[in-house]
1. Would you mind stating whether A:F123 is under 21 Å from B:E290 (Cβ atoms), more than 11 Å from chain B (Cβ to nearest Cβ) and aromatic (F, W, Y)?
2. Can you pull out every residue in region B:134-148 that is crowded, with 20+ Cβ neighbours inside 10 Å and of a type outside the set (A, V, I, L, M)?
3. Which of the residues spanning region C:111-126 are under 29 Å from B:E161 (Cβ atoms) and out of contact with any Leu (no Cβ under 8 Å at 6 or more places or on another chain)?
4. Where in region C:318-370 are there strands (runs of 3 or more DSSP E), lying fully within it, with 3 or more residues that are β-branched (V, I, T) and closer than 30 Å to C:D294 by Cβ?
5. Somewhere in region A:209-227, is a residue under 14 Å from the mean Cα position of the chain (by Cα) and buried (at least 21 other Cβ atoms within 10 Å of the Cβ)?
6. Taking region C:84-118 as the search range and keeping residues that are surrounded by 20 or more Cβ atoms within 10 Å (Cβ to Cβ) and polar (S, T, N, Q), which one is modelled with the lowest pLDDT?
Amino acid sequence: MSDQIKVAYWPGCVSRGFTPELHGSMAIVAEKLGIELVELDRANCCGAGVIAEHNQELADTLNARTFALAQETGLSMMNICSTCQGAQSECQQRLDADSSYRAHVNEALSGQGLKYEKDVNGFTNKNFLWLLVEDYGLDKLAAQVVRPLSGMRVGPFYGCYIVRPKERLGYGEHPDRDIYLEQVIVALGGEVVEYDGARKCCGFPVITMNRETSLKQAGTHVGDAIDAGADCLVTPCPLCHLNLDMQQPEAAKVVNRDLGLAVLHLPQLVGLALGAEPKELGMSKHIASTGWVEERLAAVPA
Amino acid sequence: MADYKIKVRRFQPESGQGPYWEEFKVELEPSLSVLDSLLQVKDREDGSLSVRCSCRAAICGSCGMKINGQSGLGCKTQIGEAQELAEKMARATASGPRTREAGREIAGDDERAQPGAEEAAPIIIEPMGNMPVIKDLITDMESTHWTKIRRVTPWLLPHGEAPEREYIVEPESMIDITQSMACIQCGACVSSCLSMEADPDFIGPAALAKAYRFVGDPRDAEGVERLHDLAEDPHGIYDCTHCFSCVDACPKDVAPMDQIMRLRRKAGEAGIEDPNSGHSHELAFVKIIEKKGTLDESLLLQESFAPGIKGKLVPSRRAIKEMLGSIPTAIRGIKTGKMRSLPKLIPGIHHKLPGTAQDEVQAIYKHAEEHNEEFNLYIKGDEGELAEIEAEENLETAIAAPAGEEAPS
Amino acid sequence: MPTHDVLVIGAGLAGQRAALAAAEQGVSVGIISKVHPVRSHSNAAQGGINAALNPGDSWESHAFDTIKGSDYLGDQDAIEIMTKEAPEEILHLEHLGVTFHRNEEGKLGTRAFGGASAARTYYVADITGQAIMHVLYEQLMKHSDSVARYEEWFCTALAIDEAGECCGVVTRNVADGSMELFQAKSVILACGGNGQVWKPTTNALICTGDGIAMAYRVGAKLMDMEMIQYHPTTLAGKGFLITEGARGEGAHLLNAKGERFMETYAPNKMELASRDVVSRAEQTEINEGRGFPDGTVALDITVVPKKRVHEALREIVLVGRDFAGVDITREPIHIKPGNHYTMGGVKTDVDGRTDIPGLYSAGETACVSVHGGNRLGANSLLDTLIFGRRSGVDAATRAKHTDASKPSPKVLEDEDAMIADINSREKGSGRRVSEIKLELGQTMDAKVAVFRDEAGINEAIEIVARLREEAKTAYIDDHGSVFNQDLLGAIELGYMLDNAECTCLAALERKESRGAQYRTDFPERNDEEWLKHIDLEKTDDGPEISYSEVTITQWQPEARTY
């Protein structure tokens, strides 16, 4: 098929660490959608903004290496983590801005036979969410749905790194990137839940530094979504998932209320609509129970 | 001229009423600003509608407000664009139940356009966040914004006598701190700050950007002292949640978060340890990637609180507390299979990159640590844009030159 | 009653500089501003500040350029002081922390500016005024124990004692509406200019001529009130300013035919001739049909290297993008002359003293006169700082040698009554304040602008007189205490009308063309009859005109070409 999508796939660290269900569900969904993933297994951590805070050149070079590995495949790159998207876009912006800086960074890669080249049209690195909407297409996605998420009320949760800063993240060209989750939810047959936290911070970046501040953010957003009638949240960011799901019981203590809201990774939500079973999508690995979601789905035969 | 509907969150402190929403119809060019729409209401309809404003050109910093939930300046937001955003957001959530208006429930009418309805969604205008509201769109900046600004000792502390002429400094250093100097103290970043929303004591983006203006100033003699102060305050530089809200809110491209990250970098370089373990977290992260190429989360937690000591830990009291605090989470993780087994929590078992990949990562570390160059986009600019323009110009010349005729327009 | 030795009204550059200078003298200082100090309009001075500090440059050269720029109406003793003291002031600011642009050696770097024979403009990108003002505010925060700040307090009247000396000021605390009578031995008016009297204007909404009007009302003389600068490069419509720095960096002015028309008007200095010259040239092009249909000509910044624009003209890239929808690095932007600066104001000597003992003035409110008929770009910041400082020092010195005089409560009662009167007007009983302001602004822009004549000025005088009557019954909607901006707007309207009346009368009186005053019915400069200042003083029968000599030290008037 000529319009078959094939990408250099950077899964990130967390999808192979504390959220293995993300890595697994992405594989299942890619197959269902017919997206071929060429995994960049030699690539390294994006630095999550933390390495840049320590040594900016180090972060830029590490990501230049990842980009170079992707360029070796001759494919565009896809990631499944808002934080990777943001951290990598930040480095790419600097690398693309200045040829002498790029040459300096490439010097460090030369021993490995690698080189990051600025494409005429720009090197493309897209989160699965962006790829799904911009390259795969919402109509095509909707056509693939075998189990519409009818009646399921889904709250979008983007993760900061994929919505800000707009200028760096290509919003000039793609102004609707901050409503793609809503569009995907609708395409899958679900209902969008409007609540305060959709584009706010999950608090993860300060979980080790200021636990209270961090969990208060996570707890508040989950609570707001519950109050708005959400059956679950969906996020393209595994780090948000850690704070919203893994830490949810702890967050509940900080905000002093009962929580208990399922938080799905984006590929999981897509996978459910495409007919995959909750178990194969790794939903049993979640901390916050996904039982309610599964009950809802049970009413709609795959 | 076009018609717009603005929906303003009002508060009249002397009325005895709580906040309420009020809609106004305005008529103006789409290129005019949201502030212009408010001034039109004030001039023609209701002089009691209160908003601080002065220059109308994004230089005085008076008219900070939230427009469709986004913090910024009323004078710098074109009404046409605000309308498009209002409609886009209304469209995006059109399938969902609207149980909340503009993110929060307050008393008052609520006639938001329903999807498919003929009337366009109103532009929603609110006072800035993270600050008490005094009247309508006027907030109490003194008790929040300015108190925090004064917290960072916001004046130059040079060493000894001033030179006879000017201080001789690197030209780029002045451009660098001019980015922070470009701050007009409008408070939009403070209004948007998600850390401050959770921790009102956070020093915050505006004050920390102001602090960088001195830390980055070669004429200031107290940079290290300042860094100690900002790092050791538990609500200081390591309390920023890195959400980029301030970067987008800032009307002057100050990028407060970038300045906070540079304060962290400088504090780290000065070897300053902070009570939030921010620096040790950063070092731990950097070290893990050097060793393993990808992040081993379990190792990160331990290394963040008890850095550098293998086996024999003498962790701080906070470290013990944090480590203990993470145990329930870990147990839950193991139960669900999220963390595959106990060894997953023990450092040293995490998989490594295949083949020589890890050596490649380490070579990068060596190179970057040797140079540690901070490429500053604010100073350097994007040469690509420049080249693009030059290319266009050359093209135009090329088209125009041979025939000696005018280029087709 | 809050009491200070020195009270400064207005907290822009002149006011803040005055307050800091006075505090250095060891007296108690208060600074009052109707907006938070950093909102003051000195922010808008983008391009830079002049000083003959480079080797090879001289204060004499700077002084001559200023005098020539003023069309010989500037007082040369004052200009000498300003230009001689300029270098030291720049260094002082640098030492306080202003992030001035550096050359490759790390020393202060300069750019070229209009009407100057050397590149002597020091700058911080194109946010020079903002950068300096925020640094001064840093110093105010540092010296908070010696300078009390009254932020968001609005002044309604000056208090004069029985001996005819200024002894305080009546204020309204904007936050709660309470009225307060302040006592002081010296009061410095540094309230900025009166640009809002014209519409459109580059000036902020707060520039309503408060200081000029308050001084005038208690009998201080005003001077050079006819001299209103129209800036050559303002955006059509709202009047936003594009800094002269753009032309300093090499930008061209083009008419609709694409001609660089300044070749006709100022073949040597081209776009960098004095502002009055460039504004008239543009207006002539527009009037004679060579402008664009929207009544503008074009400023072409694309000829400035992109890197230089990025480094030195960042702010106007934003202004172009956000307020005109134009990427100035790629296409020319449409501009026209627009109201910008009040050369005239409260008549002072070189230490800021007005003719009322104890009352000082500095900055745009004052007329020393260093700008005469036309101010050079990058001299306004200098004026505020030099004469702000000198006023502060002299006001403090006076305070040390003067006994306190308690202001009479009567002045406060009068102001209470004035406000009660405004509040008592019923909705619909007269016109809206905003309507009157709009008509005033449009009238002044049509009749008392770049080109003037007797008939037009007389029309303006009539309209202003009618508006003054209408203002007496104009009503407001807000009758509350907290942040009643509606009420303050009504008071400001009164200030604006006083300013307008004085400008019209002075413009009618000066029957020649000099600097910003161009009379189509008297198109030549006439040194024989009009090399003199026009002074205005309030009497019971309205403004009374008198004249004062222009001080000439070593530069005799010459024909003015660029």
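The values are calculated or read from the model by the stated rules, or taken from the named source; none is laboratory data. This is a predicted model, so every value here is computed, not measured. Positions of Cβ are generated from backbone atoms using ideal geometry, with glycine treated the same way; all protein chains shown enter the neighbour counts.
1. No.
2. B:K135, B:D136, B:T139, B:T144, B:H145, B:W146, B:K148
3. C:T121, C:Y123, C:V124
4. C:333-342
5. No, because not a single residue in region A:209-227 is under 14 Å from the mean Cα position of the chain (by Cα) and buried (at least 21 other Cβ atoms within 10 Å of the Cβ).
6. This residue is C:T110.
Here's the yes/no breakdown for (1) part of a strand (DSSP E or B); (2) at pLDDT 95 or above; (3) among the charged types (D, E, K, R):
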| residue | (1), (2), (3) |
| --- | --- |
| C:Y150 | yes, yes, no |
| C:F154 | yes, yes, no |
| C:A163 | no, yes, no |
| C:G193 | no, yes, no |
| C:N203 | no, yes, no |
| C:I206 | no, yes, no |
| C:I212 | no, yes, no |
| C:E226 | no, yes, yes |
| C:H231 | yes, yes, no |
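Rundown of residues vs (1) small (G, A, S); (2) under 23 Å from B:N276 (Cβ atoms); (3) outside the structural domain of B:M128 (by TED's automatic domain parsing), yes/no style:
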{"site": "B:M181", "(1), (2), (3)": "no, no, yes"}
{"site": "B:S192", "(1), (2), (3)": "yes, yes, yes"}
{"site": "B:A206", "(1), (2), (3)": "yes, yes, yes"}
{"site": "B:A209", "(1), (2), (3)": "yes, yes, yes"}
{"site": "B:D217", "(1), (2), (3)": "no, no, yes"}
{"site": "B:V224", "(1), (2), (3)": "no, yes, yes"}
{"site": "B:H242", "(1), (2), (3)": "no, yes, yes"}
{"site": "B:S245", "(1), (2), (3)": "yes, yes, yes"}
{"site": "B:D248", "(1), (2), (3)": "no, no, yes"}
